[in-house]
Amino acid sequence: MSILVEGEMMRAIKADTAIAVVIGFFCVGAVSAFGQQQPQPQPQQVAYPAGKAVEMTVMFGAGSAADVTARYLADGMAKRLNVPVPVVNRTGGGGAIGYSHVQKQKPDGYSIIWNSNSISTTYHSGTLPFDYKAFEAVARVSVETPVIAVRADSPWMTLKDLVEYAKANPGKVRIGNSGTGSHTHFSASALFAIGEATVTHVPFGEGQAVVNLLGSRIEGVVQLPAAIVPHIKSGDLRVLAVLGSKRDAVFPDVPTAKELGFEVELDMWRGIAVPKGVPKPVVAKLQDAIKHTVESQSFKDAGKAIGFMPAYLPADEFGKVIATDDAKLAQLMTDLGLKKK
């Protein structure tokens, strides 16, 4: 082969190689560029509350313990969400009216309910046709412990004194509660059943149980702290025992029923729930607003003044509390003959 031909072949090979290198470089660059242009997954965004008011249903009357606490919560949530959070009182049926209203609303987060253990007591007593599973838990807000109180001038200085008198005089001791099927009714029933005493349970409308006790028309009441704090401070009433799992910070010197030998631990929790199906990002926004409110100093101060204990829990943990408590209440109501068959 001549030198001339050989040279031409070498030049051709080099040219082909150069083209291949350029093409390869271009392809790598194109792939790299293509990869950089791929959209990255973004967190799910939700335009909520988008300037629209979030209505909070409270199942008990204006001025009640539940109502006053709910309004403190609503004010804090409104500031965090930057929209109005009006409180609407929908009373009746131990909470059944309020639960039924909210359960029927569109699951968009604009209708929320100030719920409590009453979702279980109203269901298991037959007042409500659906249970807690009709709602999504958002967050627990507070815990209240029912207490049993008598007039300050009554002859009963201790819970044992009252129970022994009731045992010796069946049906003569009248104990007021906040309505048939209410948490206070259920708590009173459990206490005297465990004490093996027969009393007459008298249901009253909002605030009337304490009024009737002060008027000496009944012998005692089982109520939540907010209903009796002013009358304890005034010296008109005396608390005999706390019916919760631990002593109440509002009455630090008052023993629990369990400490006194009566196995009753019936804390009342309160929180926020929404109709089943509300999107998780919406639940998260509501939960955030609740968390910031409950952990604020102003809300803690309100708890000390009114008689509730701030006790925030997020949605998942709150949901577990509701389910566990429902099973416990169902069994106890069965044992007491209060569960509808």
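The values are calculated or read from the model by the stated rules, or taken from the named source; none is laboratory data. Given the structure is predicted, the values throughout are model-derived calculations rather than measurements. Here the Cβ positions follow ideal geometry from the backbone for every residue, glycine too, while neighbour counts run over all protein chains shown.
Can you say whether Ala190 is touching a Leu at 6+ places or on another chain (Cβ under 7 Å), modelled with pLDDT of 90 or more, under 19 Å from Gly94 (Cα atoms) and in a helix (DSSP H, G or I), as far as the supplied structure shows?
Against the criterion (touching a Leu at 6+ places or on another chain (Cβ under 7 Å), modelled with pLDDT of 90 or more, under 19 Å from Gly94 (Cα atoms) and in a helix (DSSP H, G or I)), Ala190 qualifies.
Does Glu206 meet the test of being closer than 18 Å to Asn117 by Cβ, surrounded by fewer than 22 Cβ atoms within 10 Å (Cβ to Cβ) and in the same structural domain as Val163 (by TED's automatic domain parsing)?
Against the criterion (closer than 18 Å to Asn117 by Cβ, surrounded by fewer than 22 Cβ atoms within 10 Å (Cβ to Cβ) and in the same structural domain as Val163 (by TED's automatic domain parsing)), Glu206 qualifies.
May I ask you to list the residues in the range 177-216 that are in contact (Cβ under 8 Å) with a residue 40 or more places away in the chain and charged (D, E, K, R)?
Matches in the range 177-216: Glu206 only.
With respect to Gly244, determine if the residue is within 21 Å of the chain's Cα centre (by Cα), under 29 Å from Asp316 (Cβ atoms), at pLDDT 95 or above and not aromatic (Phe, Trp, Tyr).
So Gly244 fails the test.
Among the numbered conditions (1) in contact (Cβ under 8 Å) with a residue 60 or more places away in the chain; (2) over 20 Å from Ala139 (Cα atoms), tell me where Lys341 comes up short.
Of (1) in contact (Cβ under 8 Å) with a residue 60 or more places away in the chain; (2) over 20 Å from Ala139 (Cα atoms), only one is false for Lys341: (1).
What are the residues in the range 263-280 that are farther than 14 Å from Thr145 by Cβ and either surrounded by fewer than 21 Cβ atoms within 10 Å (Cβ to Cβ) or touching a His at 6+ places or on another chain (Cβ under 9 Å) (or both), if any?
Scanning the range 263-280 gives Glu263, Pro275, Lys276, Gly277, Pro279, Lys280.
Is there a residue in the range 230-240 that is surrounded by fewer than 20 Cβ atoms within 10 Å (Cβ to Cβ), of a type in the set (Val, Ile, Thr) and more than 28 Å from Tyr99 (Cα to Cα)?
So far as the range 230-240 goes, yes, one or more of its residues are surrounded by fewer than 20 Cβ atoms within 10 Å (Cβ to Cβ), of a type in the set (Val, Ile, Thr) and more than 28 Å from Tyr99 (Cα to Cα).
Which is polar (S, T, N, Q) and either closer than 27 Å to Ala305 by Cβ or assigned by TED's automatic domain parsing to the domain that holds Ala305 (or both), of Ser178, Ser189, Ser216?
Answer to the selection: Ser178.
For the range 224-245, which positions are over 11 Å from Val150 (Cα atoms) and either free of Cβ contacts under 8 Å to residues at least 40 places away in the same chain or not in a loop (DSSP other than H, G, I, E, B) (or both)?
Pro225, Ala226, Ala227, Val229, Pro230, Lys233, Ser234, Val242
From (1) part of a loop (DSSP other than H, G, I, E, B); (2) within 28 Å of His101 (Cβ to Cβ), pick out the condition that doesn't hold for Pro252.
The failed condition is (2).
In the list Val221, Val229, Val202, which residue meets the criterion of being modelled with pLDDT under 95 and touching a Gly at 6+ places or on another chain (Cβ under 6 Å)?
Only one candidate qualifies: Val229.
Being β-branched (Val, Ile, Thr) and within 13 Å of Ser189 (Cα to Cα) is the filter here; which residues of the range 308-341 pass it?
Matches in the range 308-341: Thr334 only.
Return the residues of the range 281-320 that are surrounded by 15 or more Cβ atoms within 10 Å (Cβ to Cβ), at pLDDT 95 or above, more than 14 Å from Ala137 (Cα to Cα) and more than 16 Å from the chain's Cα centre (by Cα); say none if nothing qualifies.
Ser296
Just one of (1) outside any helix (DSSP H, G or I); (2) over 28 Å from the mean Cα position of the chain (by Cα); (3) surrounded by fewer than 20 Cβ atoms within 10 Å (Cβ to Cβ) trips up Ile218, so point out which.
Of (1) outside any helix (DSSP H, G or I); (2) over 28 Å from the mean Cα position of the chain (by Cα); (3) surrounded by fewer than 20 Cβ atoms within 10 Å (Cβ to Cβ), only one is false for Ile218: (3).
List the helices (runs of 4 or more DSSP H) inside the range 85-184, counting only whole elements, that have at least 2 residues being closer than 30 Å to Ala284 by Cβ.
Here the list reads 96-103, 118-124.
Identify, please: which residue in the range 48-65 is buried (at least 24 other Cβ atoms within 10 Å of the Cβ) and modelled with pLDDT under 90 and is, among those, farthest from Lys300 (Cα to Cα)?
Phe60
Taking the stated definitions as given, is Lys339 basic (Lys, Arg), part of a helix (DSSP H, G or I) and surrounded by 16 or more Cβ atoms within 10 Å (Cβ to Cβ)?
For Lys339, the condition - basic (Lys, Arg), part of a helix (DSSP H, G or I) and surrounded by 16 or more Cβ atoms within 10 Å (Cβ to Cβ) - is not met.
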